[in-house]
Amino acid sequence: MNKPTLSRFGAACGAVFAIVLTVAAGNGSDDFSGPRAVAGIAAITLALPFIAYLYSVLRQAEGADGWLAHTALAAGITGIVLKLGSGAPELAVHKAHLVAGTPLSTAVSAIGDGATVLSLYPLAVFCAATAIVAFRDRALPRWLGAGAAVTAAALAVNGAFLGTDSVPGLLLFLLWTLFASVYLLSRTWRRAARATQAQTQTQAEARAAAST
């Protein structure tokens with residue numbers, strides 16, 4: 001794949017991650033489902049290419065001497081890996097046929113809940129670093145920068161409650177990721193169109209110069 005196609009893939013992964021994970025999670029009280037679990041794992045994995053692509057955008061805006069883009073990359077990967085690992089206990093309960101409500105089943109499920117809570121803090125750092133670069137270096141529009149700042153605060157506050165009965169911070173993160181993905185994807189198309197237009201104009205000027 002050429003570079004524009006790879007850029008579009010990386011940008012689009014964020015939207016797929018946000019939409020599929022939301023659908024797979026349901027209302028949070030549904031019984032375990034194999035297809036939903038696979039969809040959730042695949043969706044979370046797709047967040048990694050999106051974070052990597054966003055890192056390239058932040059690094060380009062910040063410059064080689066900056067460190068916030070690197071912080072965003074490291075924190076984003078850490079948060080996603082922790083969230084990915086939070087599904088392992090649920091899979092273990094299902095494969096071991098543990099009866100729901102027993103002390104062992106409750107303890108194993110609590111490990112997954114704990115991993116989800118832990119993932120909120122690095123994701124908050126990811127959003128905070130992204131917001132700073134967006135405002136300072138104009139890497140993203142101000143509305144996306146403001147959204148990242150609000151999401152960072154929501155994730156940090158949500159993580160302080162140490163519970164997963166309600167995770168509005170994570171839902172806000174998914175919403176912000178969806179908006180950021182759509183914006184970055186549209187930007188790749190606009191840049192490709194401008195590059196094609198510039199190339200066509202250059203070729204026309206070259207032909208005009210050759211004919212004189």
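Could you sort 55, 121 by accessible area so the largest value comes first, with the probe set to 1.4 Å?
Numbers: 55 30, 121 95 Å².
Ranking 55, 121 by accessible area, largest first, yields 121, 55.
What distance in nm separates the simple spin-label points at residue 102 and residue 187, each placed 7 Å from Cα in the Cβ direction?
Result for the modelled spin labels: 5.2 nm.
Taking a probe of 1.4 Å, how large is the accessible area per residue of the stretch 77-137, in Å²? Before the final figure, lay out the partial values.
On the way: 3030 Å² over 61 residues.
In whole numbers, the stretch 77-137 has 50 Å² accessible per residue.
Please report the carbon-and-sulfur percent of the accessible area for the stretch 66-153; probe 1.4 Å, protein heavy atoms only, DNA, RNA and ligands left out.
Values: 3110 of 4220 Å².
The C+S portion of the solvent-accessible surface of the stretch 66-153 is 74 percent.
Efficiency by 1/(1 + (r/R0)^6): what FRET value for residue 157 and residue 22, r their Cβ-Cβ distance, R0 = 22 Å, to the nearest 0.05? Show your work: numbers first, answer last.
Values: r = 21 Å, r/R0 = 0.95.
Efficiency at R0 = 22 Å is approximately 0.60.
Once you have the Cα-Cα distance between residue 65 and residue 37, take 0.36 nm times their residue separation minus that, and quote the gain in nm to one decimal. Please list the in-between numbers first.
On the way: separation 28, 0.36 × 28 = 10.08 nm, distance 4.09 nm.
So the extension gain works out to 6.0 nm.
List the residues, sorted by chain then number, that are 5 or more residues from residue 139 or on another chain and whose placed amide H is less than 5 Å from its amide H.
Long-range HN contacts for residue 139: 134.
With θ set to phi - 60° and the Karplus curve 6.51 cos²θ - 1.76 cosθ + 1.60, what are the ³J(HN,Hα) couplings of the stretch 4-19 in order, to the nearest whole Hz, using x for Gly and Pro?
The phi angles translate into x, 5, 5, 5, 5, 4, x, 5, 6, 4, x, 5, 4, 4, 5, 6 Hz.
The values are calculated or read from the model by the stated rules, or taken from the named source; none is laboratory data. Everything numeric here is computed off the predicted structure, so don't read it as measured data. In this analysis, Cβ positions are derived from the backbone assuming ideal geometry, glycine residues included, and neighbour counts consider all displayed protein chains. Protein only, heavy atoms only, side chains kept; ligands, DNA and RNA dropped before computing areas. Shrake-Rupley method; radii C 1.70, N 1.55, O 1.52, S 1.80 Å.
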